[in-house]
């Protein structure tokens, strides 16, 4: 199988794109570790995929340190980090009404969380023959977002990835940044629901008009990027 014997960590693997990716990676032969703050959904996904689950708050460096210590203790290395944890808050909120608390929370989870995870994953990735880091940004980083905080945070993830890619390459660690579009995830559906309430329209109508892609489609791309077949790919990857 394409991912046989690879140790793959999916941060944010309890739901959405992360869940679909963890499921597919496990199906293709990887030993998958799911890390998420959502313990109930995380355990459910881990059980269904014969994976392991570790609860983690990506904004806490002590939590992140403990996560990678557990992986080191159990496996001794890490082959692939898939950083899928993310948050969108403040959709359709005017800039003059957006609170600093909302801004900081989104930045902490999306940007700080990505930074901390790559920081502490790197020593384990260096032990792999072909380390891979896959950061999830968003089409919102280029095309705008319903949330100032989310759009800015995903721009930060993209720039972080661009900088890291060159710095990690000498250690034989490949880094790609994935930019999904409109995907049917709980987060995206919550935005559509907020839009429906704002417009006074049917959510079902807006969902139909959104032409959403499925998480499994993005998961197929991520699973391929995690494989050795993607060794020659560099930079940003865009999906529908």
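The residues on offer are 69, 5, and the sole one that is surrounded by fewer than 19 Cβ atoms within 10 Å (Cβ to Cβ), more than 14 Å from the chain's Cα centre (by Cα) and without any contact (Cβ under 8 Å) to a residue 24 or more places away in the chain is 69.
Kindly indicate whether any position in region 87-109 is surrounded by 15 or more Cβ atoms within 10 Å (Cβ to Cβ), under 21 Å from residue 221 (Cα atoms) and at pLDDT 95 or above. Scanning region 87-109, I find no residue that is surrounded by 15 or more Cβ atoms within 10 Å (Cβ to Cβ), under 21 Å from residue 221 (Cα atoms) and at pLDDT 95 or above, so the answer is no.
So that you can scan it fast, the table gives a plain yes or no per residue for (1) touching a residue at least 12 places away in the same chain (Cβ under 8 Å); (2) surrounded by fewer than 17 Cβ atoms within 10 Å (Cβ to Cβ); (3) within 20 Å of residue 234 (Cβ to Cβ):
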site: 132; (1), (2), (3): yes, no, yes
site: 135; (1), (2), (3): yes, no, yes
site: 153; (1), (2), (3): yes, no, no
site: 179; (1), (2), (3): yes, no, yes
site: 188; (1), (2), (3): yes, no, no
site: 191; (1), (2), (3): yes, no, no
site: 198; (1), (2), (3): yes, yes, no
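Residue count for region 200-240 satisfying the condition of being assigned to a loop (DSSP other than H, G, I, E, B) and surrounded by 16 or more Cβ atoms within 10 Å (Cβ to Cβ): 3. Note on region 162-182: residues that are touching a helix residue (DSSP H, G or I) at 6+ places or on another chain (Cβ under 8 Å) and at pLDDT 95 or above amount to 11. Here the helices (runs of 4 or more DSSP H) wholly within region 109-199 that include at least 3 residues being over 30 Å from residue 95 (Cα atoms) and out of contact with any strand residue (DSSP E or B) (no Cβ under 9 Å at 6 or more places or on another chain) are 113-125. When the test is whether a residue is in contact (Cβ under 8 Å) with a residue 24 or more places away in the chain and more than 18 Å from residue 125 (Cα to Cα), residue 32 does not pass it.
The values are calculated or read from the model by the stated rules, or taken from the named source; none is laboratory data. This one's a predicted model, so the numbers in the text were calculated from it and none came from an experiment. Please note: Cβ atoms are built from the backbone with ideal geometry, for glycine as well, and neighbour counts cover all protein chains shown.
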